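Down below is the structure, laid out as structure tokens.
The values are calculated or read from the model by the stated rules, or taken from the named source; none is laboratory data. Since the model is a prediction, treat every value here as computed from it, not as a measurement. Cβ placement follows ideal geometry from the backbone for every residue including glycine, while neighbour counts extend to all protein chains displayed.
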């Protein structure tokens, strides 16, 4: 492990904004180590804001993709094997006041999560928003199933705080696909520099990069009628099930169904046995799926096996809000798409561990009864839940849209400093 020293001209930060900003109290003297970050330049934007307010910021570099996104300034390069990381982390946590990581995937992030309560440094986990696309998530010590948010209606009392104002996050997907593809391509090409890097993926990085690019192109060229809600609803009443991104931590660690295929096998079989004969099932792909599994073929195979031809469809894309409003109910395997559905009053059944799976929000019946008597969520509870969660864990912004990165970084820095309410409105 080595630390690259800043160059003499480091004062001229290429990511610095020309706009003067009010100082953020509470950051001076703190030492931040970014363990992992969203693909692209966001970590540099965040570091710029923190440094401008008196903090020291460095980033762990585990592979050439990290180096591409961050650069060599204040880089802490880790070239040892994964088994050496826990000991190295314990030492680093003595040196820094704050550790920042993006998500929970992979051995490096998981080690931080598992040691979080024993480390002297504060651990901050950032993630994609629970309420997308205009929000991102930031919590202490874990997100999703590890979130410290309450697991019952009692934890979201009235009166709830008012929903904070927000800016639209803008277009995200093309920027994300580009950042992801370049990161994985450079990571593989630079493998010789980091030969002991432990990948967090179940599939080769270049295959994923190519899959994302090809799927994005196909979606751009696809006919909108294939995912049009009116067309889908015209075939008859339907339930919708939303897939998770293959290999996601919420599947691997927080569900009995660690692949989408296993999840679908269970859902389709239960639907065939217990759903009303006039009901249909629509399977919606995850928007960030890399396109490496032919889920359309999987769905067709399962439909044939259970004599459901004509009653089960697979769609890649579509308007989630419109589909929620038109459907009889939604089944998910931890996916936060459930929160959109609950917001529209759509009954939701969760299979897995999710912080939002409790009485009043989601259906607590067995799946077999959900098909025939889906329970509508409590709207007042949902409003309280949403507003509490927004104020406690969500920051208005985007990691990927260049037009939103600077303001997102500033709002996140305010939250680090303890000014969470200010972070919501500045």
*Any residue in region 96-103 that is assigned to a loop (DSSP other than H, G, I, E, B), under 25 Å from residue 128 (Cβ atoms), under 27 Å from the mean Cα position of the chain (by Cα) and at pLDDT below 95?*
yes
_Filtered residues of region 109-120 (kept if in contact (Cβ under 8 Å) with a residue 60 or more places away in the chain and surrounded by 20 or more Cβ atoms within 10 Å (Cβ to Cβ))_ = 112
*From the residues in region 243-283 that are touching a strand residue (DSSP E or B) at 6+ places or on another chain (Cβ under 8 Å) and at pLDDT below 95, which one is surrounded by the most Cβ atoms within 10 Å (Cβ to Cβ)?*
243
*Here are 258, 331: which of them is touching a residue at least 12 places away in the same chain (Cβ under 8 Å), touching a helix residue (DSSP H, G or I) at 6+ places or on another chain (Cβ under 7 Å) and assigned by TED's automatic domain parsing to the domain that holds residue 356?*
331
_With the requirement that a residue be free of Cβ contacts under 8 Å to residues at least 40 places away in the same chain and part of a loop (DSSP other than H, G, I, E, B), what does region 376-405 give you?_
376, 377
*Taking region 109-135 as the region of interest, how many residues are in contact with a helix residue (DSSP H, G or I) (Cβ under 6 Å, 6 or more places away or on another chain) and in a helix (DSSP H, G or I)?*
1
*asked:* Condition check: in the same structural domain as residue 252 (by TED's automatic domain parsing), in contact with a helix residue (DSSP H, G or I) (Cβ under 6 Å, 6 or more places away or on another chain) and buried (at least 16 other Cβ atoms within 10 Å of the Cβ). Does residue 299 satisfy that?
replied: no
*Select, from 314, 239, the only residue that is over 30 Å from residue 111 (Cα atoms) and either touching a helix residue (DSSP H, G or I) at 6+ places or on another chain (Cβ under 6 Å) or without any contact (Cβ under 8 Å) to a residue 40 or more places away in the chain (or both).*
314
_Search result, residues across region 341-354 that are surrounded by fewer than 24 Cβ atoms within 10 Å (Cβ to Cβ), under 20 Å from the mean Cα position of the chain (by Cα) and touching a residue at least 24 places away in the same chain (Cβ under 8 Å)_ = 343, 351, 352, 353
*asked:* Looking at (1) closer than 22 Å to residue 63 by Cα; (2) outside any loop (DSSP other than H, G, I, E, B); (3) in contact (Cβ under 8 Å) with a residue 12 or more places away in the chain; (4) in the same structural domain as residue 50 (by TED's automatic domain parsing), which one does residue 138 not meet, given that it meets all the others?
replied: (1)
*Can you tell me which residue among 188, 177 is closer than 18 Å to residue 401 by Cβ and either in contact (Cβ under 8 Å) with a residue 12 or more places away in the chain or in a strand (DSSP E or B) (or both)?*
177
*Residues (without any contact (Cβ under 8 Å) to a residue 60 or more places away in the chain and surrounded by fewer than 18 Cβ atoms within 10 Å (Cβ to Cβ)) located in region 121-135*: 122
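Per-residue answers, yes or no, for (1) more than 26 Å from residue 295 (Cβ to Cβ); (2) at pLDDT below 85:
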{"residue": "149", "(1), (2)": "yes, no"}
{"residue": "170", "(1), (2)": "yes, no"}
{"residue": "177", "(1), (2)": "no, yes"}
{"residue": "185", "(1), (2)": "no, no"}
{"residue": "191", "(1), (2)": "yes, no"}
{"residue": "211", "(1), (2)": "no, yes"}
{"residue": "219", "(1), (2)": "no, yes"}
*In this structure, is residue 373 surrounded by fewer than 20 Cβ atoms within 10 Å (Cβ to Cβ), out of contact with any helix residue (DSSP H, G or I) (no Cβ under 8 Å at 6 or more places or on another chain) and in a loop (DSSP other than H, G, I, E, B)?*
yes
_Please pick out the residue among 180, 149 that is in the same structural domain as residue 397 (by TED's automatic domain parsing) and surrounded by 16 or more Cβ atoms within 10 Å (Cβ to Cβ)._
149
_Spans of strands (runs of 3 or more DSSP E) in region 231-345 with at least 3 residues under 16 Å from residue 371 (Cα atoms)_ = 238-242, 280-284, 330-332
